[in-house]
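J.: To start, I am sharing the structure in question, which I have written as structure tokens.
The values are calculated or read from the model by the stated rules, or taken from the named source; none is laboratory data. From a predicted model like this one, the values you see are computed outputs, not experimental measurements. Note that each Cβ is placed from the backbone with ideal geometry, even for glycine, and that neighbours are counted across all protein chains shown. These area figures cover heavy atoms from the full protein model, side chains too; ligands, DNA and RNA do not enter into them. Shrake-Rupley method; radii C 1.70, N 1.55, O 1.52, S 1.80 Å.
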Amino acid sequence: MKIIVTGARGLVGTRFLANYRDKYDIVTLGSSHEQRVDITDREALLTALKEHSDAQALIHLAAYTNVNGAFEQTGDKSGAAWQVNVTGTENIAEACREFGFYLIHVSTAFVFDGQKKTPYVEDDQPHPIEWYGQTKYEAEKIVTTSGAKSVILRIDQPFTHVPSAKVDTLWRVINGLRAGQLYPQFTNHYFGPTYIEDLTRIFDFCLRQQPTGLYHASSGETWSDYDFACSVRDILHLKTDVAPGDLEAYLRTTKRPYQRQTALNIDHLQKIIDFKLRTIREAISQVQLA
Ligand SMILES: NC(=O)c1ccc[n+]([C@@H]2O[C@H](COP(=O)([O-])OP(=O)(O)OC[C@H]3O[C@@H](n4cnc5c(N)ncnc54)[C@H](OP(=O)(O)O)[C@@H]3O)[C@@H](O)[C@H]2O)c1
């Protein structure tokens, strides 16, 4: 099966390629490597994709993911965050409809405001509170109404057990613990970590079964930053102390709004997949420290 992947050099894309390069005939499109295609350039994108119109599916991972950088661009539709996440996704969805590619679009728990006390379900109303979340919510609406056969997978704080060029949630903690410089970890901020290796299995499942609609696709677990860091320390036998931090105190020092709780309920996904997701503890246990 021939498939196209955007953002293949990013945190998630790198692992999909590592795990599935032998199973699929993969064409990668990115702004900074040999297949240079800027997804915000509609004509260039359509021309590039025309050459691969025999592909059956497209996994769209290209995004502007710097949340602080996006916040600086709030309201600026000519900025990179809107251009890549909204205009770029619009171009991708149009191409998928035109060429008949099944589209796997990845979105984020940051479409929610973080006020809910329990994990978010797909029926909860998005209400982004900062620009990155807003651009990703706009992208979801575009995909949904594009006419392309598509699935939207929402994730939260993806990480994996091997170090990547982009330091993820797990390695930020490991590196901080090993250097004895881990900043205080919030006891009152909750998230729903996503083990990227399992996410790539979900992509593989989607490529095989082509479900449509919206699915939450994290681990389904809820963690505080503090408990996560303590578990990383204990599972990996690191000796450093983890200091507790207070999100509310931090929020008084910054203008950027933060979602207090972004864990996702994955019951909807669990009903369709044909394999078992690993627990976060199992995922952390895969790390092999030199
Ligand atoms: N990381 C997170 O914490 C997180 C959380 C929730 C959801 N997500 C979502 O998960 C997906 C994958 O995220 P990620 O963390 O793997 O992203 P990432 O590491 O930041 O990589 C994004 C990739 O997008 C590509 N890209 C950016 N602008 C482009 C453009 N104009 N044209 C073509 N390609 C462009 C880049 O490719 P090149 O290197 O080739 O330029 C980059 O490698 C995204 O949809 C993101 O919104 C991420």
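J.: Roughly how many percent of the accessible protein surface of the stretch 183-228 is carbon and sulfur, given a 1.4 Å probe and a whole-percent answer?
T.: 47
J.: While we're looking at this one, here's another question. To the nearest 500 deg cm²/dmol, what mean residue ellipticity at 222 nm is calculated for the chain from DSSP H runs of n ≥ 4 alone, each contributing -39,500 (n - 2.57), summed and divided by the residues? Before the final figure, lay out the partial values.
T.: Numbers: 11 runs with 102 residues, N = 290.
Per the formula, -10000 deg cm²/dmol.
J.: How far is the Cα center of the stretch 45-76 from the Cα center of the stretch 223-260, in Å?
T.: Each part's Cα centre sits 31 Å from the other's.
J.: Which helices pass in the chain if a helix is a full DSSP H run, must span at least 18 angstrom along its long axis by Cα, and must have mean Kyte-Doolittle hydropathy not below -1.0?
T.: Helices meeting the span and hydropathy rule in the chain are 131-145, 196-209.
J.: Among 125-131, 191-197, 2-8, what's the highest-first ranking by average C-beta atoms within 10 angstrom per residue?
T.: Top of the packing list down: 191-197, 2-8, 125-131.
J.: Moving to a separate point now. If you place +1 on the Cβ of every Lys and Arg, -1 on the Cβ of every Asp and Glu, and leave all else neutral, what size is the dipole of the chain about its Cα centre, to the nearest 20 Debye?
T.: Details: 31 positive and 35 negative charges, 82 e Å.
Here the chain has a charge dipole of around 400 debye.
J.: Further, regarding this structure: Counting only protein heavy atoms and using a 1.4 Å probe, what share of the accessible area of the stretch 11-142 belongs to carbon plus sulfur, as a whole percent?
T.: Working: 2640 of 5950 Å².
For the stretch 11-142, the apolar C and S fraction of the accessible surface comes to 44 percent.
J.: Starting from the Cα of GLN270, step 7 Å toward the Cβ, then list every residue of the stretch 189-204 with an amide N under 16 Å from that point.
T.: Those under the cut-off are 192-195.
J.: Counting only DSSP beta bridges with both residues in the chain, what percent are antiparallel, rounded to the nearest 5? Intermediate values should be presented prior to the final figure.
T.: Details: 2 of 32 bridges.
Antiparallel: roughly 5 percent of the beta bridges in the chain.
J.: Turning to a different aspect of this structure: For the chain, what is the accessible area per residue in Å², given a 1.4 Å probe and the full set of protein chains?
T.: With all protein chains present, the chain gives 45 Å² per residue.
J.: Given charges of +1 on the Cβ of Lys and Arg and -1 on the Cβ of Asp and Glu, with all other atoms neutral, how large is the dipole of the stretch 13-108 about its Cα centre, in debye to the nearest 20?
T.: With Lys and Arg at +1 and Asp and Glu at -1, about 260 debye.
J.: Also, I was wondering about something else. Rounded to the nearest 20 Debye, what is the dipole magnitude of the stretch 173-290 about its Cα centre when Lys and Arg each give +1 and Asp and Glu each give -1 at the C-beta? Before the final figure, lay out the partial values.
T.: Working: 13 positive and 13 negative charges, 48 e Å.
Dipole size: approximately 240 debye.
J.: Something else: Going through the cross-link list LYS23/LYS149; LYS2/LYS116; LYS50/LYS77; LYS50/LYS141; LYS50/LYS276; LYS166/LYS255, which pairs have a Cα-Cα distance over 30 Å in this structure?
T.: Violating the 30 Å Cα-Cα cut-off are LYS2/LYS116; LYS50/LYS276.
J.: Sticking with this one: Subtract the Cα-Cα distance of ASP41 and THR74 from 0.36 nm times their separation in residues, and report this length gain in nm to one decimal.
T.: Going from the current span to full extension adds 9.7 nm.
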